[in-house]
1. With 10 angstrom as the radius, rank 284, 134 by how many other C-beta atoms surround their C-beta, starting from the fewest.
2. Mind checking which lysines have their Cα closer than 28 Å to the Cα of residue 328? Skip sequence neighbours fewer than 8 apart in that chain.
3. Charges only on Cβ, +1 for Lys and Arg, -1 for Asp and Glu: so what's the dipole of the chain about the Cα centre, in debye to the nearest 20?
4. Calculate the spin-label point distance for residue 60 paired with residue 456, positioning each point 7 Å from the Cα along the beta-carbon direction, and give it in nanometres.
5. Take the alpha carbon gyration tensor of the stretch 22-148, find the square roots of its eigenvalues, order them as a ≥ b ≥ c, and report rounded if a/c is under 1.5; if not, report prolate when a/b exceeds b/c, else oblate.
6. Based on other C-beta atoms within 10 Å, arrange 159, 386 from fewest to most.
7. How would 97, 488, 150 line up from fewest to most surrounding beta-carbon atoms within 10 angstrom?
8. Place +1 on the Cβ of every Lys and Arg and -1 on the Cβ of every Asp and Glu in the chain, take the dipole about the Cα centre, and give the residue among 447, 85, 104 whose Cα lies farthest towards its positive end.
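Readers should treat all values here as calculations from the given coordinates under stated rules, not as data from a laboratory. Every value quoted in this text rests on a predicted model; they were computed, and no experiment measured them. Please note: Cβ atoms are built from the backbone with ideal geometry, for glycine as well, and neighbour counts cover all protein chains shown.
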Amino acid sequence: MPVEPKSLHNVFTSEPYNQGMKSSAIVWFRRDLRLKDNPALSHAIDHHERVILVYIHAPDEEAPWQPGAATRWWLHYSLSSFQRSLTEHGGELILRSGDSLPNLISLCSESGAKDVYWNRLYDPALVNRDKAIKEELAAQGIKAHSYNGSLLREPWEVHKEDGTMYRVYTPFSKKYLQMSEIEAPLDSPQPLPAVDHKGVSLSLDHLALTPTIGWDKQFFSCWRPGESGAIDALQKFIEQALLDYRNGRDLPATDGVSRLSPHLHFGEISPRQVWHEVKFHAAKLEDEGEDDVQSRTLAYLRQLIWRDFAHHILFHLPHTATQPFNEKFSGFEWDDNQLLLEAWQRGQTGIPLVDAGMRQLWQTGWMHNRVRMLVASVLTKNGMVHWLEGARWFWDTLLDADLANNSMGWQWTAGCGVDAAPYFRIFSPARQGERFDPLGSYVKKWVPELAAIPAKYVHQPWTAPAKILEQSGITLGEHYPEPVVDLSASRKEALARFKRLKNP
Ligand SMILES: Cc1cc2nc3c(=O)[nH]c(=O)nc-3n(C[C@H](O)[C@H](O)[C@H](O)COP(=O)(O)OP(=O)(O)OC[C@H]3O[C@@H](n4cnc5c(N)ncnc54)[C@H](O)[C@@H]3O)c2cc1C
């Protein structure tokens, strides 16, 4: 039987083009709420005349790590921004909720689509869900097409010479930098194909993503969820802070970091876009005669590699979202210290840098990385509270809560993760404060009770002479708490427990 020339067929379906039916495909958006560098969207548009764009709210499928309150807030405004942007480009986003598979199947049958496109996610529960969905769709004659839209390189692309995964960051990043250049980002499709399938869509409010208490008031002045907010944040960072990132990244009182984390988590911008934009500017600055541009910008690009490393670890070792990477830690003697945990959550530990960080988190949904490491160290190493308690609080309150980054960050700080901080490295809040917030500006911003105390005492008000405290209007235990934990005694106790773990 003669084979029909391929050009007469849509390559992704068995329907010949000339049957009077337009070829349709579903683009299933998840954490890729953008038009630029969106491989699933671009490929669908390249191969089909009609694309049906859908977001399905299915928090149950993410269990046990369903989106927390802060990320639900971000998702609401990110979806709203994406809906606007699609409408401006002639498209329309259909919102659905409930299980993903039946929603996709019913959209396919409503629209006649035989192809579904999405960008891959790597959280363990979602990998399993997507695999099952791919198989179910195939059983119904629907083809699924998936792409890398959220990492520089996928977890299985980078491995050691013997084919095994990396467990240490430095050789992982070395390999990254030796491999071929990161793929260039795709342009945004122009224009979007016209919408002639009016799918039933829920209203955004129906998804009930925003909080009912007024806890999010300050979020609005700190953040602009959505693709244009992400692009503007990147440009601002490149212009104002990129070249000084090596130093600026450690100073929580300054604008030395990019604050791209929630935008990256929701895929409003891709790491490939960030990578290439930074490289483009670096080349321009080098041409203009700026010194040492390569290593100054590499300091920032390495953070994107850390992000991929976290995904590499979680993908290959899915149990590390809840179990220690270092199995020895399964036997660690954690304390059930509710009092300390609550004081920590409320930013009332009496340790100023910790309280500043925890209040920044509560009020703005974000905390500076240097302070994240400190608050995690104090909770797990001084308080000896299980790292999962801290990880769960971050999960609910961080706008950038991300399973891979959060699990790795907590395990690293607690000493039980990959490439972890050695057990004997217990941050001293006073020392961290003196090095990274020498004037106490960060502390004074978030802990206004300490606004009048001289910089010399701001990180350890309990060491200030009574007269200084009086002049600063502070009575410890009344205006500001006494430290909830004895930092020096708890440090010794933690070291003893770690030693017992090493040599039982
Ligand atoms: C205990 C703990 C918990 C954390 N939880 C999260 C989390 O839930 N979500 C999250 O995105 N990050 C987490 N981090 C990593 C880091 O603190 C944030 O990514 C960073 O502070 C975000 O701010 P930024 O975008 O200005 O970062 P920048 O310094 O501007 O870095 C740019 C990007 O690189 C990535 N990146 C930077 N540092 C890290 C890192 N250490 N690990 C992985 N990726 C990194 C992020 O995507 C970040 O947006 C955690 C760190 C610790 C110590």
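1. 284, 134
2. 160, 381, 492, 499, 502
3. The calculation lands at about 1140 debye.
4. Between residue 456 and residue 60, the label points sit 6.3 nm apart.
5. oblate
6. Ranking 159, 386 by Cβ neighbours within 10 Å, fewest first, gives 159, 386.
7. Lowest to highest Cβ neighbour count: 488, 97, 150.
8. Towards the positive end, the residue furthest out is 447.
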